[in-house]
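A short write-up of the structure that comes next.
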Amino acid sequence: METAFTPLQSLGGGVLIGLAAVLSMALLGRIMGATGVMAGFFSPTGLIDWSWRAALIAGMVSAPLVIFALTGSRPDIAVPVSSSALLIGGFIVGLGVTYGSGCTSGHGVCGMARFSPRSIVATQVFMVACFATVFIIRHVVGG
Amino acid sequence: MIRLLASYCVGLIFGVGIIISGMANPAKVLNFFDIAGFWDPSLAFVMGGALLTTALGYRFVLKWRAPAFESAFSLPTRKNIDTSLVAGSATFGVGWGISGFCPGAAIPALGMMRIEVFLFMGALIAGILTARLLQRARADLAAAN
């Protein structure tokens with residue numbers, strides 16, 4: 001399935017992601033990483049620790065609704081993979097980000113922005129692994 | 001209360017950025033990684049914009065004595081590059097390539113109320129909890145020896 005190249009929208013969205021990361025550090029003193037936020041959400045150290053994570057996740061989940069309210073158009077996505085790919089992929093992502101201590105937001109944006117050697121290695125590894133996986137699925141197995 | 005409001009706003013701005021950028025759209029994400037197919041380089045602009053903004057902002061903010069609503073910054077302290085980091089990240093990359101979703105993209109996509117996102121999130125949470133159990137079991141085993 002072809003998708004349109006959207007450099008301006010993607011750049012603008014990226015700047016907003018960065019702005020959220022900076023605000024998270026400036027206001028809460030924390031890395032804006034989805035893996036880290038979720039890890040503490042499912043095994044919190046106390047109500048205070050849990051509540052800010054819940055509020056942050058609520059903000060994330062409400063984003064499509066807020067975009068709809070502001071623009072009148074409903075954001076939508078296309079999912080070109082099967083249900084079993086979503087289930088298997090999701091489980092594998094859960095294992096990987098827990099052992100790897102982060103994902104695209106935590107390592108790829110926040111960690112890289114701090115020039116953390118761990119995050120630079122992690123980001124290179126998951127990007128290469130993802131390129132290889134998509135190549136194998138689409139051009140080796142899928143043909 | 002102000003902390004919760006700040007957290008909500010951070011999550012909302014992040015989520016809006018994720019949706020506008022196309023990060024939450026698996027068709028776009030997978031096409032970015034498919035250089036040999038319908039390559040869509042948009043995601044490079046997402047990463048570029050996010051990374052540049054964050055690096056510039058951090059340079060300024062991390063000079064402060066403390067964040068606005070907490071007594072100190074909580075930054076990751078580990079420095080060692082170990083097997084867990086590399087193997088975990090490689091595993092994550094494989095799962096990302098299979099599904100087209102990463103965690104930070106799937107959470108805002110939940111708000112679109114699509115069954116595909118719920119399937120991914122359910123499996124993601126199961127994976128996180130399984131890894132936690134395995135990590136704990138291994139730590140207990142190490143402590144017992």
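Rule-of-thumb check for the stretch B:1-95: C-alpha Rg over 2.2 N^0.38 Å?
1.39
Reported to two decimal places, what Rg/Rh ratio describes the stretch B:32-145 when computed on Cα atoms with Rh from the Kirkwood expression?
That ratio is 1.03, to two decimals.
Can you give the three extents of the C-alpha atoms in the stretch A:7-141 along their principal axes, from longest to shortest, in whole Å?
Ordered largest first, the stretch A:7-141 gives principal extents of 48, 41, 29 Å.
The protein assembly as shown: percent of C-alpha pairs farther apart than 28 Å?
Summing the P(r) of the protein assembly as shown above 28 Å gives 31 percent of all pairs.
Quick one: among B:S89, B:S42, B:S74, which has the greatest mean-square fluctuation in a GNM of chain B with alpha-carbon springs under 10 angstrom?
So, out of B:S89, B:S42, B:S74, the one fluctuating most is B:S74.
Using DSSP to call loops (not H, G, I, E or B), can you name the chymotrypsin sites (Phe, Trp or Tyr not before Pro) in the stretch B:11-52 whose Cβ has at most 15 other Cβ atoms within 10 angstrom?
Within the stretch B:11-52, the qualifying chymotrypsin sites (Phe, Trp or Tyr not before Pro) (loop, at most 15 other Cβ atoms within 10 Å) are B:F38, B:W39.
Would you calculate, for chain A, the mean residue ellipticity at 222 nm contributed by helices, counting each DSSP H stretch of 4 or more residues as -39,500 (n - 2.57) and dividing by all residues, to the nearest 500?
-19500 deg cm²/dmol, from helical runs alone.
What is the distance in Å between the Cα centroid of the stretch A:1-48 and that of the stretch B:29-106?
9
Give the order of B:L134, A:L19, A:L70 when sorted by the count of other beta carbons within 10 angstrom, beginning with the fewest.
Lowest count first: A:L70, B:L134, A:L19.
Given the options A:M32, A:M60, A:M112, which has the most mean-square fluctuation in a GNM of chain A, springs set between C-alpha atoms less than 10 angstrom apart?
Result for chain A, Cα springs under 10 Å: A:M60 fluctuates most.
No lab work stands behind these numbers, since they all come straight from the coordinates. The structure presented is a predicted model; accordingly, all values stated were derived computationally and were not measured. So basically every Cβ, Gly included, is an ideal-geometry build from the backbone, and we count neighbours across all protein chains shown.
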